[in-house]
Every structure is written in C-alpha cells, then in structure tokens.
Amino acid sequence: MFLSPRHAEIIQMAKDHGRVLVDDLATHFNVTPQTIRKDLNDLCDQRLLTRIHGGALFPSGIENMEYEARRKIAADEKEAIGSAAARLIPDNASLFINIGTTTEAVSKALLDHNGLMVITNNINVANRMRIYPTIEVVIAGGVVRGSDGGIVGEAAVDFIRQFKVDYAVIGASAIDHDGALLDFDFREVKVAQAIIANARHVILVSDQTKFERTAPVRIGHLSQVNTFITDRCEIPSIRRICEETEVRLIETALE
C-alpha cells in the first residue's frame, strides 16, 4: 500500500501517541485543517486509523492498541476521572480494580486512603499499591497477559467469585451508543463480568474516546453499573440510559 510522506508520518505519530488531532497536525505540517481532515478521512477509509471528533486513533479494526499508547490517550482526562472515582470510595472499603489504563489512574488516586482491601487482576495496580502499608492488596491468579499485565482466564474468574466487595472499578475498551460495554479479549470479559456480579457498587470509568471505538466482545450494559465517570458525555442515548436506569453520571470536565 502506497502512502505519501505526510500520510506515513501521520500514521507514525498516531502509533507513537495513540491519537492525532487535526489542529496539531495542521500546525506541524503547516497546512490547513481542511487538508488534514481529508488526510485523516483517506487514512480511515483505508482502515489505517479510526476517526474521532477532532482527530483519529491508532489502530482501527478490532485489534486493541498497544498498552503504552493507550496510556497516553486522554492522560489528563484519565487523571481527573481517577480522582473523581477515588472521592467516592471511603477509607476502610473493600474493592475490585480491573484491567485498564483508566482503572490504573483510579488506583493512583487511592494511594492516600487508609484501610483499603484491594482485589485486582492487574499486576500494574498491585505493584503500585503493594508498598503502601495502609492498603492490603490481593492479586488474582491466572494467565498473565504479557501486553498489559492483566490476569485473565477461568482461574481468575474463580478467584474473583470468592469475594463480595463494597466497590468495583471497571473500564471498557468501547461503549456502544446503545449502552453496551465492549472489550477485545473474551477471557478478560469473563473476569469483568464476575467483578460486576460480586460488588455492591460498580463504578465504570471511561474517557469519551471510548464512545468512538468498537470492540467485538460484550462485557455487559451500562444499566448494570451504579456510577459512570467520564470526562464528557455528548451522546444523547447514553445520557438517556443513565437517566432511565438511575445510573449516576459524573462528567469531570464540568466539575
């Protein structure tokens, strides 16, 4: 497949940073935003990028993007979401923390809490929190996914089912406009479903880029969570689902 030098550089920038924005690219290449929009549309037509409002994501299709690239996407928004979630969780609570870059942001915001019992299938979360003496960390057993340190599989599901906790912090790779919560790995989805079923209060944390993505495996539905924290929700159907099913919607960009 032939790519012009500018298209090739756009692809590389998207790969390095997880996403590219129209205004940034226009400045970088010293061209008009209209030119960049056409470039992005052409690349998305070739399924090399996935279009989002104001830019594009790497990659498209059903493959999940590299973990470090995902860390960089909406990093400030994830930090704000993490702080908002941490404010909902009191000291001396028990909680699940699932796999994901946004759930990791929550774990970072929880480090000043006391008396927490954290059960997780995320090695990165366990490694961050284990050094704090006021937090007890319990890690699931199972298959460790090399790409992101997530622990998945039937052993992890069986482990999670031993607990009934106060809170669960979960993420999703994509949120469909009908409220479906989606992911890429069916093994991870089974763990997420067990987490939802064994928590008294489920907190979904996800930035607004997840509204623009898709994934093939269904975790569940937005109506199954108690609180949904995002940076901004501009999808009318999602807002309607939250209102009709009494899901508390917190938008950190509006706070």
Discussion item. Can you bin every Cα-Cα distance in the chain into 5 Å intervals starting at zero and give me the percent of pairs per bin, rounded to whole numbers?
Written reply: 1, 6, 13, 17, 18, 16, 11, 8, 5, 3, 1, 0
Worksheet, complete the sentence: Rounded to a whole %, the carbon-and-sulfur portion of the accessible area of the chain at a 1.4 Å probe is 49 percent
Item to complete: Order Phe159, Phe211, most accessible first, counting only protein heavy atoms with a 1.4 angstrom probe.
Response: Phe159, Phe211
Discussion item. Output the 0 to 90 degree angle, nearest 10, between the alpha-carbon long axis of helix 5-17 and the longest principal axis computed from the alpha carbons of the chain.
Written reply: 10 degrees
Worksheet item: Given the convex hull of the Cα atoms of region 112-161, what is a quarter of its surface area in nm²?
Response: 3.5 nm²
Discussion item. Not counting ligands, DNA or RNA, and with a 1.4 Å probe, what is His17's accessible surface area in Å² rounded to the nearest 10?
Written reply: 100 Å²
Item to complete: Mind grabbing the accessible area of Phe163 for me, 1.4 Å probe, Å², rounded to tens?
Response: 50 Å²
Worksheet entry | Anchor Lys108: lysines whose Cα lies under 16 Å away (excluding residues fewer than 8 positions away in-chain) | Lys72, Lys78
Item to complete: Keeping every protein chain in place, order Val137, Val143, Val152 by accessible area at 1.4 Å, biggest value first, i.e. largest first.
Response: Val143, Val137, Val152
Worksheet, complete the sentence: Rounded to the nearest 10, the angle in degrees between the Cα long axis of helix 186-197 and the longest principal axis of the Cα atoms of the chain comes to 50 degrees
Practice prompt. Principal axes first, then extents: for the Cα atoms of region 139-255, list largest minus smallest coordinate on each axis, whole Å, largest first.
Written response: 39, 28, 23
Worksheet item: By per-residue mean of other Cβ atoms within 10 Å, what is the highest-first order of 239-251, 213-225?
Response: 213-225, 239-251
Worksheet, complete the sentence: Stretched fully, the stretch from Arg239 through Ala155 gains (0.36 nm per residue minus C-alpha distance, one decimal, in nm) 26.6 nm
Worksheet item: Kirkwood hydrodynamic radius for region 86-198: how many Å is it when counted over pairs of different Cα atoms?
Response: 14.0 Å
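The values are calculated or read from the model by the stated rules, or taken from the named source; none is laboratory data. Fair warning: this is a prediction, and the values are worked out from it, not measured in the lab. Cβ: placed from backbone, ideal geometry, glycine included. Neighbour counts: every protein chain shown. Heads up: the accessible areas ignore ligands, DNA and RNA and are worked out on the full protein's heavy atoms, side chains in. Shrake-Rupley method; radii C 1.70, N 1.55, O 1.52, S 1.80 Å.
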